[in-house]
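Down below is the structure, laid out as structure tokens.
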Amino acid sequence: MNLVRRSRGSIKVFGLDNIEHDTEIKDRIGFVYDTPYYYEDIDLGTLASSVGPFYSEWDRKKFSQLLDRFGISPRKKFVSLSKGTKTKFSLALALSHDADLIILDEPTAGLDPLFRREFLEMLTEIIQDEEKSVSLLNAYHLRPRSNGRLHSDHRQWSTRMFGLEGRGSGEMGGG
């Protein structure tokens, strides 16, 4: 997501340089932050209308269907939502533009047990499409090393389950 700039070396996403092709890459990624931040006093339908144009494959109908599935009214204001409902809203945004890669940061935080099951079923549906990948990020995935770099420690089972074979461990923050 280019939240941290590289100081040297190269990073390729979908075979493209992450800085040179920033917009094209982000168009193909659905990202759900651990704590979503949106304008709080705006209703969800308006928020979606402002986010949608950033994606070439935005599907308003799919977004509306996901809100219905999650039991969320587009007339609600973001500020009035619980943490779990904010995550559901962010998930609806991330899944409404046919992303090739879905990155979920602590995706089940704040979700009730019933929706967690539905959420995992949705992920299973997504990964059935061999063109799609899902990556789950948890706090234990990134840990500092003595040299100041972060080490990414993805478990082998999760990389296979979510279509990330061959992308197991690696370093971030260096070249």
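No lab work stands behind these numbers, since they all come straight from the coordinates. For clarity, every value in this text was computed on a predicted model and none was experimentally measured. In this analysis, Cβ positions are derived from the backbone assuming ideal geometry, glycine residues included, and neighbour counts consider all displayed protein chains.
Quick notes on this structure:
- Arg117-Ser82 FRET efficiency (beta carbon distance; Förster radius 25 Å; 0.05 resolution): 0.90
- Ranked list, fewest to most other Cβ atoms within 10 Å of each Cβ, for Val79, Val13: Val79, Val13
- Sorted by Cβ density within 10 Å, fewest first, the residues Lys86, Lys77: Lys77, Lys86
- Close amide H pairs (under 5 Å, H built 1.01 Å from N) link Val13 with Asn18, residues at least 5 positions away or on another chain.
- Residues Val4, Val51 arranged by fewest to most Cβ contacts within 10 Å: Val4, Val51
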